[in-house]
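Below is one structure, written out as structure tokens, with a few remarks after it.
Rule-based calculations on the coordinates, nothing more; no lab input. Note that the structure is predicted; figures quoted are calculated from it, not measured. Positions of Cβ are generated from backbone atoms using ideal geometry, with glycine treated the same way; all protein chains shown enter the neighbour counts.
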């Protein structure tokens, strides 16, 4: 018996993780503002704000590196993320 077997092979293995139709980092922005809106009591306002912020971030990251969000967090947040060999982002100029 010659059965033809069909397998689904992923076409793009290096795609970033998705949540529904959004990239995962864009979905986190939306869900973060949604949760904050639930905590404060202004759900509809923060859903709209989250949708606007998520779409602005998604438009900003088009054509950028896949780790664009990590680059932004490194430069603008006061957290080192446990990097041992990378200096903190507040040190912008080096002597030597």
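Residues of region 62-76 that are surrounded by 11 or more Cβ atoms within 10 Å (Cβ to Cβ) and without any contact (Cβ under 8 Å) to a residue 24 or more places away in the chain: 64, 67, 68, 70, 71, 72, 73, 74. Check whether at least one residue in region 77-89 is surrounded by 12 or more Cβ atoms within 10 Å (Cβ to Cβ) and closer than 22 Å to residue 23 by Cβ, and report yes or no. Looking for residues that are surrounded by 12 or more Cβ atoms within 10 Å (Cβ to Cβ) and closer than 22 Å to residue 23 by Cβ, one finds none in region 77-89, hence no.
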